[in-house]
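These notes are about the structure you will find just below.
The values are calculated or read from the model by the stated rules, or taken from the named source; none is laboratory data. As the structure is a prediction and not an experimental result, all values here were calculated from the model. FYI the Cβ positions are ideal-geometry reconstructions off the backbone, even for glycines, and counts take in every protein chain you see. These accessible areas exclude ligands, DNA and RNA; they are computed on the full protein's heavy atoms, side chains included. Shrake-Rupley method; radii C 1.70, N 1.55, O 1.52, S 1.80 Å.
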Amino acid sequence: MKVKLFFLFIILNQVCLAQLETNNIKKIELSDSWVFRKIGETKWLYAEVPGVVHTDLFINKIIENIYFRDNESKIEWIENEDWEYKIDFFVSEELNKHKNAEIVFEGLDTYAEIYLNDSMVAKTNNMFRTWKYDIKKNLKEGKNELRILFLSPAKMSEKLYSQLDYELPEGNRVVTRKAAYHFGWDWNGRFLTSGIYRKVFLRFWEDALLEDIFIKTKIIKDNNAILNARIGINSTTEKFATLVVSYENKILAKKDLFLIKSLNEYDLDFEILNPKLWWANGYGMQWLYDLKFELYIEDELSDSENINYGIRKCEVIQEKDSSGESFYFRINDVPVFIKGANYIPQDNFLPNVNKEKYETLIKNVKDANINMLRVWGGGIYEEDYFYDLCDKNGILVWQDFMFACAMYPGDDEFLDNVRQEAIDNVVRLRNHPSIVLWCGNNEISEGWHNWGWQNKYNQEQKETIWNDYEKIFHQILPLVVSEFDSGKFYWPSSPKYGRGNPLSQFEGDSHYWGIWHDEEPFELFNSKVGRFMSEYGFQSFPSKSTVDSFATRNDLFLFSNVLKSHQKHSRGFQIIENYKNRYYFISDNINDYVYVSQILQAEGIKTAIEAHRRAKPYCMGTLYWQLNDCWPVISWSSLDYYQNWKALHYFVKKLYQPVILSTVIAQDEIAIYAISDLLKDFQSKLNITLMDFSGNKLFEKDTIVLIKANISEIVIFSRIPDSLSNLDKNSTMLRVQLFSKDGVVYEDFKYFDLVKNLKLKKPILNIDFLQSDEGYEMSIVSNTLVKNMYLYFEDERVKFSDNFFDIMPNCKKNISIRTNLTAEELQKKLRIISFNWILPDLN
């Protein structure tokens with residue numbers, strides 16, 4: 001009896017039953033009881049699926065933490081080996097009776113050979129595709145064995161690259177349909193993974209199933225919206241059937257039909273009365289209709305699918321004007337100023353990114369008032385759950401196809417692979433209201449025309465390479481979008497022009513990297529403003545706790561080998577040093593260095609964002625590089641690998657508010673801009689105060705101003721009085737505040753000299769904690785200006801409502817803290833850094 005029970009336990013654990021959809025369709029996920037080994041070895045090891053070789057080796061204690069110290073250099077051997085994964089699963093008599101049996105791989109990385117019961121099912125060569133195979137003939141009742149052989153991505157890439165007639169820019173990664181960032185980038189190491197990185201499942205079914213549903217909004221009016229669903233039904237029979245569309249148990253449409261043995265396609269119109277529209281974050285609600293589609297065959301439910309659909313209208317407007325050509329998004333007939341960031345994958349080992357991490361990231365995005373993420377073309381087409389969260393939170397998605405910073409082959413096999421990859425992902429993602437643009441690639445047109453790539457080729461080769469480029473980005477991809485996601489905007493390459501082209505500031509989207517790569521001063525952000533700024537950025541260290549996660553105490557000195565291994569830009573440290581010396585100061589203390597680098601980054605990007613928002617409606621979008629990291633690293637991100645908020649993310653939260661002020665001082669003139677994304681005018685009180693660092697007011701004025709809807713304009717323009725022209729610039733500041741009936745709408749401070757020249761004093765602080773529902777309310781009062789106060793708690797990850805802020809003398813600053821610590825623990829563990837303590841030669 002014990003033996004039988006043990007056998008039953010094994011069978012139950014050999015498969016994970018994911019979902020029983022109907023009596024006719026059964027879906028079984030294969031996620032348990034996998035093993036793996038290196039080819040040439042006999043011992044099988046435990047494996048997790050979804051997973052990759054690197055993480056499985058770590059689980060089995062074959063390798064150490066890859067992200068710790070310089071362990072990256074110790075795991076290069078993994079990419080040069082072949083690996084095999086295996087699972088035994090049980091098929092019951094009931095399952096085996098189904099007419100149809102398929103196996104579906106949602107993600108295989110990358111070169112795989114699939115064997116079922118020792119018969120080869122298929123070979124794969126693209127980690128971005130979904131692979132489906134009919135296995136009815138291979139499957140048997142009882143025990144089945146599935147094996148997947150993964151060939152070395154390094155060797156396969158080199159082999160395929162050697163077969164080209166000539167080398168292409170960026171080396172052998174261009175021949176492999178694998179995430180480009182895995183090959184290394186200037187913010188990432190080289191981690192060439194292999195494995196079953198997304199779900200694999202069996203699907204058993206009888207006569208027919210819903211293969212695909214595409215919903216489009218045809219008409220939107222106040223009292224109704226007309227939607228169309230194009231429905232694909234995969235049928236292996238010829239029978240009468242019925243399609244039903246419903247919402248909240250109310251039938252919206254019904255259609256009788258006759259299925260043939262093939263992929264059947266039908267169009268079905270239906271009406272939504274008094275539709276509630278889907279809006280971008282900050283502009284309205286994100287209403288999603290849970291639409292249910294059901295397929296009945298001879299009055300029996302055969303298949304069903306639910307789709308959350310947002311009714312909205314989206315247009316990308318390009319109109320000629322006196323300056324060039326506009327580029328902006330119009331959502332539901334409202335011009336939307338895009339406030340966003342560029343997004344990269346959250347980990348090198350993709351199965352590490354669970355639902356909780358996606359939820360935390362999108363919450364951090366929404367909390368910072370972001371309304372768009374650009375999914376960058378050197379990463380991946382993200383998991384469905386990522387887009388679900390964007391739908392629910394109003395985060396628009398600029399979706400790149402996965403091509404970046406390289407030229408690609410143009411042979412028929414490669415192009416066919418690319419086309420099918422595009423179809424798979426467009427079809428998978430097209431019903432998401434968050435996705436508003438498909439972009440062919442990142443920086444390839446710019447690279448070809450501006451980066452010197454053409455210099456190594458003769459004229460015939462140049463023509464061939466560029467023709468191959470046009471085949472992919474001007475023929476295949478736009479045709480796929482037109483056929484499978486008709487009405488969605490397609491943009492061939494980002495940016496439209498490189499910054500070497502003077503038109504880049506007047507048409508299309510712009511990437512501006514004169515600041516950072518060319519070490520131009522931050523002030524040039526004020527004049528280098530294009531119509532839509534889709535990339536710009538500056539590096540900083542991650543949070544100190546993140547540095548501590550990959551470095552030992554002996555590694556914590558500037559330019560140690562370990563710190564260098566987590567800085568992938570060849571001149572990164574030196575560029576940060578040069579800018580720090582220009583605006584702040586140089587310190588060898590690692591804590592000070594981390595802090596100052598984050599302030600440097602935040603202040604630089606603040607200059608850019610304010611310039612972009614001031615230029616509205618000439619400029620209608622700003623996407624800084626970059627939102628996040630894929631490992632613990634010194635990079636351009638505002639959220640580090642553990643999603644700690646850097647100074648930049650706190651600054652972005654404020655700069656992306658619906659209404660902000662921006663003060664520009666030029667020689668003896670001052671201009672205060674009010675920038676509003678609200679759709680209604682409102683009156684407000686504007687306070688301007690000039691004071692010294694001890695709080696003595698030198699000038700103060702209140703003005704009633706009209707803040708106009710959805711525009712940027714100057715509300716105060718004045719010459720600086722002669723009586724104020726001889727002030728001590730090193731100890732004087734300007735505060736501007738905008739008030740509503742509920743209090744301060746926006747507050748900003750302007751200084752008249754560089755931070756390193758300010759005459760800051762060591763403050764006397766009065767700090768109090770008051771318990772609240774989510775933690776504590778913290779109040780801080782100082783007797784003098786405190787510049788860029790940074791709060792943190794030792795050994796604790798605590799969320800603050802604000803950080804890296806300035807405190808005005810004798811004015812209370814209130815901060816909300818989310819934590820489970822006691823007030824006594826808060827007092828004990830609280831640590832504070834500001835320029836008042838670390839600037840040299842303080843009075």
Any idea which of (1) without any contact (Cβ under 8 Å) to a residue 12 or more places away in the chain; (2) open to solvent by less than 50 Å² (accessible area, probe 1.4 Å) is the one ASN431 doesn't satisfy? (1)
What pairs come up if the first residue lies in region 408-424 and is among the basic types (Lys, Arg), the second is assigned to a helix (DSSP H, G or I), and their beta carbons are under 8 Å apart, counting only those six or more places apart or on different chains? ARG419/ILE476; ARG419/VAL480
Run PHE749 past the list (1) in a strand (DSSP E or B); (2) more than 29 Å from PHE804 (Cβ to Cβ); (3) not basic (Lys, Arg) and report the number of the one that doesn't hold. (2)
Got a sec? Which of SER527, SER486, SER534, SER510 is in contact with a helix residue (DSSP H, G or I) (Cβ under 6 Å, 6 or more places away or on another chain) and among the hydroxyl-bearing types (Ser, Thr, Tyr)? SER510
What about ALA611, is it small (Gly, Ala, Ser) and within 27 Å of THR546 (Cα to Cα)? no
If I ask for residues that are surrounded by fewer than 19 Cβ atoms within 10 Å (Cβ to Cβ) and out of contact with any Asp or Glu (no Cβ under 7 Å at 6 or more places or on another chain), which ones from region 573-589 would you list? PHE573, GLN574, GLU577, LYS580, ASN581, ARG582, TYR583, PHE585, SER587, ASP588, ASN589
Take region 336-392 and flag every residue that is among the charged types (D, E, K, R), part of a helix (DSSP H, G or I) and under 26 Å from VAL418 (Cβ atoms). ASP384
Pull out all pairs, ordered by first then second residue, where Cβ-Cβ is under 9 Å, the residues are six or more apart or on different chains, the first lies in region 222-237 and is among the acidic types (Asp, Glu), and the second is open to solvent by less than 30 Å² (accessible area, probe 1.4 Å) and at pLDDT 95 or above. ASP222/PRO275
Within region 46-63, the count of residues that are over 28 Å from the mean Cα position of the chain (by Cα) and surrounded by fewer than 15 Cβ atoms within 10 Å (Cβ to Cβ) comes to 4
With the condition being out of contact with any Cys (no Cβ under 8 Å at 6 or more places or on another chain) and open to solvent by 50 Å² or more (accessible area, probe 1.4 Å), I'd like the strands (runs of 3 or more DSSP E) fully within region 615-734 carrying at least 2 qualifying residues. 659-666, 669-676, 682-692, 697-707, 711-719
Hits in region 201-221 (condition: outside any strand (DSSP E or B) and in contact (Cβ under 8 Å) with a residue 60 or more places away in the chain): GLU206, ASP207
Of the criteria (1) buried (at least 16 other Cβ atoms within 10 Å of the Cβ); (2) among the aliphatic types (A, V, I, L, M); (3) part of a strand (DSSP E or B), which one LEU760 fails: (3)
Within region 291-328, the residues that are of a type in the set (Gly, Ala, Ser), surrounded by fewer than 19 Cβ atoms within 10 Å (Cβ to Cβ) and in a strand (DSSP E or B) are SER304
Scanning region 150-179 for residues that are open to solvent by 10 Å² or more (accessible area, probe 1.4 Å), in a helix (DSSP H, G or I) and within 20 Å of THR130 (Cα to Cα) gives VAL175
Please list, ordered by residue number, the strands (runs of 3 or more DSSP E) wholly in region 764-843 having 3 or more residues that are open to solvent by less than 10 Å² (accessible area, probe 1.4 Å). 775-782, 786-793
